[in-house]
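> Pasting in a structure now, in structure tokens, and then I'll have a few things to ask.
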Amino acid sequence: MAKTLATGTIQAVAKTYGASVAMSAITNSTAGGEAVATLAPAHGCIVGDYIEIKSGWGKLDGQIHRVKTVATNDVTLEGFDTNNTTNYPAATGAGSIRRITAWTNLSQVKSLGSSGGDQQYADVTAIDDVVERKIPTVRSAITADYEVFDDPSLAWYADVQKASDASTPYGIRYSFPNGSKLVASAYWSLLKVPMITKNEALTSKISVSFDASPMRYTA
């Protein structure tokens, strides 16, 4: 059993993206295997890249994945198991990808809280049941709130502002002290007016709402 202190965790916002590239197919992996996406030539992906994916598979659409291997136009998505054809129907996952070409680390983060992701249930209790029955439906939206020391001159401020103004998802990445990563695509909102408390430093707030389920990587 391992425990990781939060101290030293680094958050980042996607700064720039490459052009959209067609994804003509994506495989159903073998059990425990990894999906392979077939991209258009000159896709530019290299090992270690993070890519935003638009897909006919609802569970994949909007996610950010890391490139594990590249063989010409075939790109393996690290740790992404698509063996379940109920969740990932065969031959229906095509779409497009965009490379995240640069990230900007956030600094002066005072605190970070997250909420959501809880499983929701539908009540299917019949009148003759003596025990209540519920079946899983969707999960609640995941949100994160940052309190940051206010300074518009910081390098990340303009990038977060751009993401906030865009009203479209931008990548978010957590780098934890144990080397693991969490990545997702999310809607960003930056509070421009600082919070003012007597005898305390000015702070501001960043709110982030995840557009799709995050991916976790152990290193």
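> Output the Kirkwood hydrodynamic radius of the range 163-219, Cα pairs only, in Å rounded to one decimal.
After inverting the pairwise mean of 1/r, the radius is 13.2 Å.
> Treating only the Cβ atoms of Lys and Arg (+1) and Asp and Glu (-1) as charged, compute the dipole magnitude of the range 105-217 about its Cα centre; round to the nearest 20 debye.
Dipole size: approximately 380 debye.
> Shifting gears a bit: Roughly how many debye, to the nearest 20, is the charge dipole of the chain about its Cα centre, given +1 on each Lys and Arg Cβ, -1 on each Asp and Glu Cβ, and no other charges?
500 debye
> Given 0.36 nm per residue, what is the gain on full extension from LYS205 to ALA158 after removing their alpha carbon distance, in nm?
Extra length available between LYS205 and ALA158 comes to 15.5 nm.
> Given a cut-off of under 8 Å on Cα pairs at least six residues apart, what relative contact order in percent is computed for the chain?
23 percent
> Grab the Cα-Cα distance for LYS110 and ALA6, subtract it from 0.36 nm times how many residues apart they are, and report the gain in nm with one decimal.
Gain in length upon complete extension: 36.2 nm.
> Just to confirm a number: summing +1 for Lys and Arg and -1 for Asp and Glu over residues other than SER180 whose beta-carbon lies under 15 angstrom from that of SER180, what do you get?
Spelling it out: positives minus negatives among the neighbours equals +4.
> Could I ask something else about it? Cross-link partners among lysines for LYS68, C-alpha distance below 26 Å, same-chain residues fewer than 8 apart left out?
LYS15, LYS54, LYS59, LYS181
> Quickly estimate the mean residue ellipticity at 222 nm for the chain, helices only: each DSSP H run with n ≥ 4 gives -39500 (n - 2.57), and the total goes over all residues, rounded to 500.
On the way: 1 runs with 12 residues, N = 219.
For the chain, the value works out to -1500 deg cm²/dmol.
> Counting Lys and Arg as +1 and Asp and Glu as -1, what is the net charge of the other residues whose Cβ lies under 13 Å from the Cβ of ILE10?
That sum, taken over residues with Cβ under 13 Å, equals +2.
> Dipole size in debye (nearest 20) for the range 5-112 around its Cα centre, Lys and Arg Cβ +1, Asp and Glu Cβ -1?
340 debye
> Evaluate the Kirkwood expression for the hydrodynamic radius of the range 105-217, namely the inverse of the mean inverse distance over all pairs of different C-alpha atoms, and round to one decimal in Å. Don't skip to the end; give the middle numbers.
Values: mean 1/r = 0.0607 Å⁻¹.
Over the range 105-217, the inverse of the mean reciprocal pair distance is 16.5 Å.
> At a threshold of 8 angstrom on Cα-Cα distance, excluding pairs fewer than six apart, so keeping six or more, what relative contact order does the range 92-219 reach in percent?
Value for the range 92-219: 23 percent.
> What number, in nm² with one decimal, is the all-direction average of the projected area of the convex hull of the alpha-carbon atoms of the range 35-168?
Here the figure is 12.6 nm², rounded to one decimal.
> Moving on to the next point. Place +1 on the Cβ of every Lys and Arg and -1 on the Cβ of every Asp and Glu in the range 15-101, take the dipole about the Cα centre, and give the residue among THR16, ALA71, HIS43 whose Cα lies farthest towards its positive end.
Going by the Cα projections, it comes out as THR16.
Bear in mind that the values in this text are calculations on the coordinates, not laboratory data. Remember, predicted model here, so these are calculated numbers, not experimental data. No Cβ is skipped: glycine too gets one built from the backbone with ideal geometry, and neighbour counts run over all protein chains shown.
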